Amino acid sequence: MSKYLFVMRHAKSSWNHPGLSDHDRPLNKRGLRDSPLMAQFMNRQKRSPSLILSSSANRAKTTAELFQSHLEAPSQWEIVEDFYLAPPQIYLEHVMRIPDEISQVILIGHNPGLETLVAQLAGETHRMPTAAIAGFHTQIASWSSLPTETSSMKFLGVWRPKEIQMDP
């Protein structure tokens with residue numbers, strides 16, 4: 001059975017609120033624009049995830065909400081407290097607990113953990129600026145048997161907002 005794993009860095013956040021903690025920073029204007037743009041791109045690729053797992057940080061939650069609201073296919077999303085500034089292993093542990101009937105999932109989190117995860121799964125380093133999405137495909141029946149090395153996963157690419165061309 002085919003499984004698709006997508007990894008998205010939260011959209012661009014604002015630094016205009018010096019009194020806020022890092023966890024509470026909101027998205028800026030570009031972030032509010034890029035989240036829907038990336039959802040529309042996924043729609044065009046026929047790769048709308050049915051499950052979104054997001055960091056608890058405000059900027060990641062807002063990215064997830066905007067992303068979900070622009071998907072053509074219905075999806076559910078969950079907040080994962082552990083994703084805030086998590087290393088790759090934390091993301092993988094959560095993926096391996098996903099119900100098997102879900103075939104497409106997207107993780108929304110933070111660098112450097114996400115960029116390291118993408119490098120681990122792709123076998124090479126890829127730049128993950130804000131709102132970038134990396135994609136992977138594997139033929140497994142269960143998320144619990146997710147391969148965590150490059151030889152078993154097909155790297156589909158990295159899509160960045162500045163590189164996405166959308167029809168008007």
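Some points to look at:
- Straightening the chain between Gln139 and Glu93 buys 14.7 nm, computed as 0.36 nm per residue apart minus the Cα-Cα spacing.
- The range 54-168 shape via C-alpha gyration tensor axes, a/c threshold 1.5: rounded
- Dipole magnitude of the range 1-157, debye to nearest 20 (Cβ charges: Lys/Arg +1, Asp/Glu -1, about Cα centre): 640 debye
- Cα gyration tensor shape of the range 13-85, rounded if a/c is under 1.5, else prolate or oblate by comparing a/b with b/c: oblate
- Modelled label reach - His126, point 7 Å along Cα→Cβ, the range 28-69 residues with backbone N closer than 14 Å: 42
- Antiparallel content of DSSP bridges confined to the chain, in %, to 5: 45 percent
- In a fully extended conformation the segment linking Lys162 and Ser14 would gain 51.5 nm over its present Cα-Cα distance, using 0.36 nm per residue.
- Computed helical MRE - 222 nm, the chain, DSSP H runs ≥ 4 contributing -39500 (n - 2.57), nearest 500: -8500 deg cm²/dmol
- Peptides 134-145, 48-59, 93-104, 3-14 ranked from most to least packed by the mean count of surrounding Cβ atoms within 10 Å: 3-14, 48-59, 134-145, 93-104.
- Efficiency of FRET between Glu101 and Ser56 - r from beta-carbon atoms, R0 30 angstrom, step 0.05: 0.75
Rule-based calculations on the coordinates, nothing more; no lab input. As the structure is a prediction and not an experimental result, all values here were calculated from the model. A quick note on method: Cβ atoms are made from the backbone with ideal geometry, for glycine too, and the neighbour counts reach across all protein chains shown.
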